[in-house]
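Asks: Quick one: the structure is below, and I'll ask about it shortly.
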Amino acid sequence: MPTQNRWRNCAKCQSLFFNGHAGVPGVCPRDGGGHVATGYDFTLTHTEFPFVRVQQDWYTCWYCQVLYYAGHPDRPGRPGEDGACPARPGRGHTHGVARTFRLMTGLGDGPHMQSNWRHCWNCQALFFAGSGHRGSCPSGGSHRGRLDDPDTLDFCLAYPMNPRITVTRVEPVISVLGDSFTPDGQVRVSWKIVGENATLENRSDTVRCFREGDFRYTFHAQGRWDFLTVRAWDVTSDTPTLVRSVLSPARLDLESAPTRSVADGAHR
């Protein structure tokens, strides 16, 4: 695959780590436990970007699951190892045979883009420097990187989104299942129930997503009605996204309208 998602920021050490192995959250240098995912679900790429400056030689460490830079000479006496790995004290990161990731630099923040990701000089991991603290480095102390040096690359990570909702009915309960929204973010859910050419009920509510970007929401639709419309806005995203589904009593499957963006997070 040219891209890979499920890259997350660790709330404890601020490193970027791969969260795609079930039950294997890597090793965090803060306390030796697993990484704790927070923030966006980032997508990394193996391919080049035309007209965009990129840096290659970024790999996943087999042992601690962080993204690290392997473009420097190997550790002395440790062929194939770079930096410092918290899963193996005194040893470096290693990736074996794997494809390099290419990171974009110098773009700044933008729609579905987050900048201020930096390279730690000591452990070689990629860490987020925009949270007010630099996390924990397995080499000791916090991650290091001269952020005010114009030669220090400011990496930009993408978090493309494709939110979806599924609406099901077990009378009188309507269940709304959402996925691929902003992890730990907020979603505005609204529903309208229509019967006999009139709106019977029109309400909205705010729900919070789980760490994987999914949510579950239920409400009641009692009595006779012709159809109901459910909408969900990802209001945490920089460009809030709307998804819409329609359900009628005669059919239990849904009709999904194309996903579209809602300017300025407006609720309609």
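Asks: Considering only protein heavy atoms and a probe of 1.4 Å, how much of the accessible area of region 82-222 is carbon and sulfur, as a whole percent?
Replies: Details: 3060 of 6850 Å².
Carbon with sulfur: 45 percent of the solvent-accessible area.
Asks: Related question: Name the shape class, rounded, prolate or oblate, that the alpha-carbon gyration tensor gives for region 41-152, where a ≥ b ≥ c are the square roots of its eigenvalues, rounded holds for a/c under 1.5, and otherwise prolate holds if a/b is larger than b/c and oblate otherwise.
Replies: Details: a/c = 1.85, a/b = 1.29, b/c = 1.43.
Since a/c reaches 1.5 but b/c is at least a/b, the shape of region 41-152 is classed as oblate.
Asks: Another question, if that's okay. Rounded, prolate or oblate: which fits region 13-90, taking a ≥ b ≥ c as square roots of the Cα gyration tensor eigenvalues, rounded meaning a/c under 1.5, else prolate when a/b beats b/c?
Replies: Details: a/c = 2.33, a/b = 1.12, b/c = 2.09.
It comes out oblate by the Cα gyration axes.
Asks: If the chain were replaced by its equivalent ellipsoid, with semi-axes equal to the square roots of 5 times the Cα gyration tensor eigenvalues, what would those be, largest first, whole Å? Present the calculation step by step, with values, prior to reporting the outcome.
Replies: On the way: eigenvalues 381, 66, 47 Å².
With the √(5λ) rule applied to the chain, the semi-axes are 44, 18, 15 Å.
Asks: Ok, one more. Quote the charge dipole size of the chain about the Cα centre in Debye, to the nearest 20; the model charges only the Cβ of Lys and Arg (+1) and of Asp and Glu (-1).
Replies: Result for the chain is approximately 380 debye, rounded to the nearest 20.
Asks: What are the chymotrypsin sites (Phe, Trp or Tyr not before Pro) within region 1-71 that DSSP puts in a loop, where the Cβ has at most 10 other Cβ atoms within 10 Å? Please report the intermediate quantities before stating the final value.
Replies: Working: sites: TRP7, PHE17, PHE18, TYR40, PHE42, PHE51, TRP58, TYR59, TRP62, TYR63, TYR68, TYR69; in loops: PHE51, TRP62, TYR63.
The qualifying sites are PHE51.
Asks: Trypsin sites (Lys or Arg not before Pro), restricted to region 1-86: which are DSSP loop and have at most 15 other Cβ atoms within 10 Å? The partial results should precede the final answer.
Replies: On the way: sites: ARG6, ARG8, LYS12, ARG30, ARG53; in loops: LYS12, ARG30, ARG53.
The qualifying sites are ARG53.
Asks: Fully extended, how many nm does the chain gain between SER248 and ASP205 (0.36 nm per residue separation, minus their Cα-Cα distance)?
Replies: Details: separation 43, 0.36 × 43 = 15.48 nm, distance 2.13 nm.
Length difference between fully extended and current span is 13.3 nm.
Asks: Multiply the residue gap between TRP121 and TRP225 by 0.36 nm, knock off their C-alpha separation, and tell me the result in nm, one decimal place. Each step should come with its number before you reach the end.
Replies: Working: separation 104, 0.36 × 104 = 37.44 nm, distance 6.29 nm.
Gain in length upon complete extension: 31.1 nm.
Asks: Right, something else. Would region 154-211 count as rounded, prolate or oblate if I go by the C-alpha gyration tensor, calling it rounded below 1.5 in a/c and otherwise prolate when a/b exceeds b/c, oblate otherwise? Write out the running numbers ahead of the final one.
Replies: Numbers: a/c = 3.01, a/b = 2.47, b/c = 1.22.
Prolate.
Asks: Next up: Where only protein heavy atoms count, and the probe is 1.4 Å, what is the accessible area per residue for region 105-191 in Å²?
Replies: Details: 3690 Å² over 87 residues.
Result: 42 Å² of accessible area for each residue.
Asks: Using Cα-Cα distances under 8 Å and only pairs 6 or more residues apart, what relative contact order does the chain have, in percent?
Replies: Numbers: 683 pairs, mean separation 37.6, N = 268.
Once divided by the residue count of the chain, the mean separation gives 14 percent.
Asks: While we're on this one: For a quick check of your reading of the filter: which trypsin sites (Lys or Arg not before Pro) in region 94-137 sit in a DSSP loop and have no more than 15 other Cβ atoms within 10 Å? Let's see the in-between values first.
Replies: Numbers: sites: ARG99, ARG102, ARG118, ARG134; in loops: ARG99, ARG134.
Counting only loop positions with at most 15 other Cβ atoms within 10 Å, the trypsin sites (Lys or Arg not before Pro) in region 94-137 are ARG99.
Asks: Obtain the nm distance between the two label points defined at ASP214 and VAL24 by a simple spin-label model: each point lies 7 Å from its Cα along the Cα-to-C-beta direction.
Replies: Each label point lies 7 Å from its Cα, and together they span 2.1 nm.
The values are calculated or read from the model by the stated rules, or taken from the named source; none is laboratory data. These numbers come from a predicted model, not from an experiment. For neighbour counting, all protein chains shown are included, and Cβ atoms are generated from backbone atoms with ideal geometry for every residue, glycine included. Ligands, DNA and RNA are excluded from the accessible area calculation, which covers all protein heavy atoms including side chains. Shrake-Rupley method; radii C 1.70, N 1.55, O 1.52, S 1.80 Å.
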